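Engineer: Have a look at this one.
We did not get these values from a lab; they are worked out from the coordinates using the rules stated. Here the structure is a predicted model, which is why all the values come from computation and not from measurement. Ideal geometry is used to build each Cβ from the backbone, glycine not excepted, and the neighbour counts take in all protein chains shown.
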């Protein structure tokens, strides 16, 4: 089994970070740069930063700010939001991103996924899926920060993204987002079973046990969290210790507390 990654997620809106519940009721949680500097000291494996309004307003991400953030980020750095063309990917990688996350634009132009994978390599492409559980029991994909139903079933879309060259899948439960009630294990497992790619579980982590469940019960390769780290005393380093204690292989870069 590959070592499981613990990945804080940073949601960027205008000039700072926000966190909401079920993709709504956004609460400001502070500026971006200090958060990145803090996470540098907390033994994270990667960071994900998503501009949550770029795709809603049809604007490009702020590349100068991305470069400032990347200059201070000492772990693999994934950037998402407003990516619609190869040029956007090239500029983000040039600014210091290690990976890009594509979501909304892939529904309108699925060939974009192929083009990114062909030009820059699958290893730098994270395909992001935001999903809701519908009344009929199916999971449906939503675009534009969870506001637009695409009509695509999650399992089918995940398979298509894999076939088009995505390197990994970031699956987020809109229903669980920000609730801290635990990941939607059925959703995560459905995606894990559908593809032969690493799957990052997102949406709902409220304690380290939820992370263990996502890995050992649903098969996730990595766990992403935001509220858990923003609003509690929990840290990525302690999360990795808890996972290791449960027999889950993690990158052994956490440090013992200072005396």
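Engineer: Could you work out the relative contact order of region 56-204, using alpha carbon pairs under 8 angstrom and six or more residues apart, expressed as a whole percent?
Structural biologist: After rounding, I find 18 percent.
Engineer: Multiplying the sequence separation of residue 65 and residue 181 by 0.36 nm and subtracting their Cα-Cα distance, what value in nm do you get?
Structural biologist: 38.5 nm
Engineer: Another question, then. For residue 216 and residue 40, calculate 0.36 nm times their separation in residues minus their Cα-Cα distance, and state this gained length in nm to one decimal.
Structural biologist: Fully extending the segment from residue 216 to residue 40 adds 60.7 nm.
Engineer: Kindly put 240, 13 in sequence by how many other C-beta atoms sit within 10 Å of each C-beta, fewest to most.
Structural biologist: So the residues, fewest neighbours to most, are 13, 240.
Engineer: Evaluate E = 1/(1 + (r/R0)^6) for residue 108 and residue 2, where r is the Cβ-Cβ distance and R0 equals 41 Å; express this FRET efficiency to the nearest 0.05.
Structural biologist: It comes to 0.80.
Engineer: Mean-square fluctuation check for the chain, GNM, Cα pairs under 10 Å: which of 68, 51, 136 is largest?
Structural biologist: Residue with maximal mean-square fluctuation among 68, 51, 136: 136.
Engineer: Viscosity 1.002 mPa s, temperature 20 °C: Stokes-Einstein D of region 157-259 from its Kirkwood Cα radius, in µm² per second?
Structural biologist: The calculation lands on 152 µm²/s.
Engineer: How much length, in nm to one decimal, is gained on full extension between residue 233 and residue 33, taken as 0.36 nm per residue of separation minus their Cα-Cα distance?
Structural biologist: Full-extension gain reported as 70.0 nm.
Engineer: I've got another one for you. When the chain is treated as a GNM, springs tying every alpha-carbon pair under 10 Å, which of 165, 121, 219 comes out with the largest mean-square fluctuation?
Structural biologist: Top of the fluctuation ranking is 121.
Engineer: Here is a follow-up. Let me have the relative contact order for the chain, percent, based on Cα pairs under 8 Å that are six or more residues apart.
Structural biologist: Answer for the chain is 19 percent.
Engineer: Quick check: pseudo-label points 7 Å beyond the Cα along Cα→Cβ at residue 22 and residue 123, how many nm apart are they?
Structural biologist: Going from the residue 22 label point to the residue 123 one covers 4.1 nm.
Engineer: Cα atoms only, region 5-245: Rg and Dmax in Å?
Structural biologist: Final numbers for Rg and Dmax: 16.2, 46 Å.
Engineer: What FRET efficiency would be calculated for the residue pair residue 136, residue 196, taking the C-beta separation as r and a Förster radius of 30 Å, to the nearest 0.05?
Structural biologist: 0.65
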